[in-house]
1. Can you pull out every residue in the stretch 103-148 that is of a type in the set (S, T, N, Q) and either surrounded by fewer than 17 Cβ atoms within 10 Å (Cβ to Cβ) or not in a loop (DSSP other than H, G, I, E, B) (or both)?
2. Restricting to the stretch 169-179, count the residues that are surrounded by fewer than 17 Cβ atoms within 10 Å (Cβ to Cβ) and in a loop (DSSP other than H, G, I, E, B).
3. Can you find a residue that is among the charged types (D, E, K, R) and modelled with pLDDT of 95 or more anywhere in the stretch 158-180?
4. Looking only at the stretch 114-139, count how many residues are of a type in the set (S, T, N, Q) and under 13 Å from S169 (Cβ atoms).
5. Going through the stretch 43-58 one residue at a time, which ones are loosely packed, with under 14 Cβ neighbours inside 10 Å and either assigned by TED's automatic domain parsing to the domain that holds L181 or among the small types (G, A, S) (or both)?
6. Quick check on the stretch 37-67: of everything there that is touching a residue at least 40 places away in the same chain (Cβ under 8 Å) and among the aliphatic types (A, V, I, L, M), which residue is nearest to V19 (Cα to Cα)?
7. Check G29 against each of (1) outside the structural domain of D174 (by TED's automatic domain parsing); (2) under 23 Å from L168 (Cβ atoms); (3) in contact with a helix residue (DSSP H, G or I) (Cβ under 7 Å, 6 or more places away or on another chain) and name the one condition it does not meet.
8. Just a yes or no: is a residue in the stretch 63-81 over 15 Å from the mean Cα position of the chain (by Cα) and within 30 Å of G131 (Cβ to Cβ)?
Amino acid sequence: MRRSADHGSVAQLRWRIAVEAARLVAEQGLRDFHLAKLKAAGNLGLGDSAPLPRNSEIEEALREHQRLFQSDSQPRQLARLRAVAVEAMRFLSPFEPRLVGAVLDGTADAYSGVCLHLFTDNADEVAIFLGNQRIPFEQQERSLKMSAGNPLTVPVFIFSAADTVIDLSVFALDGLRQSPLDRVSERPMQRAAQDAVIALGKQE
């Protein structure tokens with residue numbers, strides 16, 4: 001009985017941290033789930049040994065927070081971001097864009113950007129394309145985890161459109177066949193082509 005009770009108290013503590021982390025994500029735009037966990041544990045007066053929740057638990061708590069406290073604003077923001085995503089995908093159609101992340105899975109809010117995966121064997125083509133359109137952008141790199149466990153570093157281009165951050169991760173053409181792992185599920189990341197995103201908008 002003692003072990004069962006202890007397990008229950010640990011599960012409850014993890015859920016309390018997940019709920020507070022979800023609040024930080026929803027109300028402060030803290031999209032780094034690991035940082036949100038640590039900050040949530042600190043806010044609750046817990047030490048470094050606190051049982052941190054899984055990313056999936058934070059996502060579950062985030063969806064619940066949005067349902068309870070953002071039932072009007074969050075769906076409107078999501079619809080707007082999906083419309084921006086469609087326009088961005090049309091604009092970037094030469095690079096076979098795929099939508100990923102919160103705008104696709106439905107947890108996007110006022111703090112979210114539109115995250116796209118682009119595909120070309122020459123990432124400089126994306127820079128040239130944006131430059132020809134006179135779009136100022138920032139270039140970075142991102143390390144992603146693949147199913148084989150090996151990290152993959154890809155170039156990233158970031159710019160703003162319609163007051164929304166557009167985040168472009170650029171993969172080689174054969175990257176269409178294999179998605180990097182999702183930070184929440186640890187399974188291959190969901191991707192959606194333009195037609196699928198348009199269909200999502202019609203359902204809203």
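The values are calculated or read from the model by the stated rules, or taken from the named source; none is laboratory data. Keep in mind that what you see is a predicted model, and the values were worked out from it rather than measured. Cβ placement follows ideal geometry from the backbone for every residue including glycine, while neighbour counts extend to all protein chains displayed.
1. Across the stretch 103-148, the qualifying residues are N122, N132, Q133, Q139, Q140, S143, S147.
2. Here the count works out to 2.
3. Looking through the stretch 158-180, at least one residue is among the charged types (D, E, K, R) and modelled with pLDDT of 95 or more.
4. Residues meeting the conditions: 2.
5. Once the filter is applied, which keeps residues that are loosely packed, with under 14 Cβ neighbours inside 10 Å and either assigned by TED's automatic domain parsing to the domain that holds L181 or among the small types (G, A, S) (or both), the stretch 43-58 yields G45, G47, S49.
6. Looking at residues that are touching a residue at least 40 places away in the same chain (Cβ under 8 Å) and among the aliphatic types (A, V, I, L, M), I get A61.
7. Of the numbered conditions (1) outside the structural domain of D174 (by TED's automatic domain parsing); (2) under 23 Å from L168 (Cβ atoms); (3) in contact with a helix residue (DSSP H, G or I) (Cβ under 7 Å, 6 or more places away or on another chain), the odd one out for G29 is (3).
8. Yes, the stretch 63-81 contains a residue that is over 15 Å from the mean Cα position of the chain (by Cα) and within 30 Å of G131 (Cβ to Cβ).
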